[in-house]
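These notes are about the structure you will find just below.
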Amino acid sequence: MSKINLSSKIFVDGADPEETRETKRLLGFVDGQTTNPTLVSKNPAARERIEKREKFTREEIYHFYKEVVNKIAKITQGPISVEVYADSETKAEQMLEEAREMQNWIDNAYIKFPITKEGLKAAHFAVKEGIPINMTLCFSQEQAAAVYAATLGAKKPIFVSPFVGRLDDRGENGMELVFNIIRMYQIGDGHVLPLTASVRNLEHLLYAIQIGSPLITVPFKVIKEWAENGFVLPDEKFNYQPNLKPIDYKEIALDKNWQDYDPSHDLTDIGVEKFSRDWKNLIR
Ligand code: E4P
């Protein structure tokens, strides 16, 4: 049974089914899960293999990822995000092909594409095929606007994942990006849901709850910290004011053609590169 009453949905951010199971035990529920290539590389069984210098073949690593996701699907019926491989050269059609394959892994798969020109193109066509998607590596309000425009007409809710911790890491108030996206989407039709990601601490989680982020993905470390704090919820005295550079709200129209938004962001490029590197490091 659920130990708390929330309007935000809580996902587990990780690729270790044991963590998902333990979260369910602690919280009483798990609303969904997000994975990514780096998290797969941190799965204990994957690490053990790499430490023994037994890297995977390309087929084996996909099989491994599929198994992990299937184990998680036995614990939560909520959306489970699975990320396609992408590097700076990957074309939309390649991402789409992988998405079609991954969508068949489990009934509740959400496919992650990066918010790049090619990733947006892949999303635009994936939506037409009814593939549920989570647009990842979001670092700007304009990227979130592009996601909105590229996925209009989607039959299932689309997720967009602003990466809070990585903005904080370079001195910018990442939670403000989430706040701004929620505000911007108020004029929209509600087909895209912000999913607060790259959560690093309890304050991020509590503030995301306070501002009504519809979805929040939380690493197990922070879930444990939350449990240790009796699943505290933000009250009117909770005031999130980190010593970080503000990210100002921008007036951005949501009704432009999706190709007319500028989705470029250096942190997205860095993120794509890191996911690609971590994935390739698993393969011999
Ligand atoms: C989840 O979807 C994201 O991939 C994850 O939250 C990224 O977290 P990190 O910035 O700590 O790697």
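All of the numbers you see were taken from the coordinates with simple rules; none came from a lab. Just so you know, these numbers come straight off a predicted model, no measurement behind them. Positions of Cβ are backbone-derived with ideal geometry, glycine not excepted, and every protein chain shown enters the neighbour counts.
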- Query: Once you list every other residue whose beta carbon is under 10 Å from the beta carbon of Gly130, what net charge do they have if Lys and Arg are +1 and Asp and Glu are -1?
  - Reply: +2
- Whole-percent tail of the Cα-Cα distance distribution for region 144-276, cut at 25 Å, equals 29 percent
- What shape does region 22-180 take by its C-alpha gyration tensor, where a ≥ b ≥ c are the square roots of the eigenvalues and a/c under 1.5 counts as rounded, a/b above b/c as prolate, and the rest as oblate? rounded
- So which trypsin sites (Lys or Arg not before Pro) in region 140-196 end up in coil per DSSP with only 15 or fewer other C-beta atoms within 10 Å? Lys155, Arg170
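Which whole-number value in Å³ per residue fits the convex hull of the alpha carbons of region 9-280? Don't skip to the answer; put the middle values down first.
On the way: hull volume 34.6 nm³, N = 272.
Convex hull of Cα atoms, per residue: 127 Å³.
Please give the contour-minus-distance gain from Ile187 to Glu93: 0.36 nm per residue of separation, less the Cα-Cα distance, rounded to one decimal in nm. Kindly include the intermediate steps, with their values, before the conclusion.
On the way: separation 94, 0.36 × 94 = 33.84 nm, distance 3.15 nm.
Contour length minus the Cα-Cα distance gives 30.7 nm.
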- Item | Around Asp262: net Lys/Arg minus Asp/Glu count, Cβ-Cβ under 14 Å | -1
- Query: Pairs Lys24/Lys91; Lys9/Lys221; Lys9/Lys71; Lys71/Lys256; Lys71/Lys280; Lys117/Lys224: which exceed 29 Å Cα-Cα?
  - Reply: Lys24/Lys91; Lys71/Lys256; Lys117/Lys224
- Query: What is the Cα centroid distance between region 221-284 and region 161-189, reported in whole angstrom?
  - Reply: 7 Å
- Centroid-to-centroid separation of region 1-50 and region 127-155 [C-alpha atoms, Å]: 24 Å
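Would you mind calculating the relative contact order of the chain from Cα pairs under 8 angstrom and at least 6 residues apart, reporting the percent as a whole number?
Working: 516 pairs, mean separation 65.9, N = 284.
Once divided by the residue count of the chain, the mean separation gives 23 percent.
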- Message: Run through region 120-207 and list the GluC sites (Glu not before Pro) located in a DSSP loop whose Cβ has at most 11 other Cβ atoms within 10 Å.
- Response: Glu129
- Could you tell me which trypsin sites (Lys or Arg not before Pro) in region 27-125 are loop residues by DSSP with no more than 11 other beta carbons within 10 angstrom of their beta carbon? Lys52, Arg53, Lys74
- Relative contact order of region 55-156 (C-alpha contacts under 8 Å, at least 6 apart) in percent is 23 percent
- So what's the back-of-envelope 222 nm ellipticity for the chain, counting only DSSP H runs of four-plus at -39500 (n - 2.57) apiece and dividing by all residues, rounded to 500? -13000 deg cm²/dmol
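Would you mind classifying region 135-196 by shape? Square roots of the alpha carbon gyration tensor eigenvalues, ordered a ≥ b ≥ c; an a/c under 1.5 is rounded, otherwise it is prolate if a/b is larger than b/c and oblate if not. Let's see the in-between values first.
Working: a/c = 2.47, a/b = 1.97, b/c = 1.25.
The shape class here is prolate.
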- Message: With +1 on the Cβ of every Lys and Arg and -1 on the Cβ of every Asp and Glu, and nothing else charged, how large is the dipole of the chain about its Cα centre, in debye rounded to the nearest 20?
- Response: 700 debye
- Relative to the Cα centre, what is the charge dipole magnitude of region 1-43, using +1 at the beta carbon of each Lys and Arg, -1 at the beta carbon of each Asp and Glu, and rounding to the nearest 20 debye? 160 debye
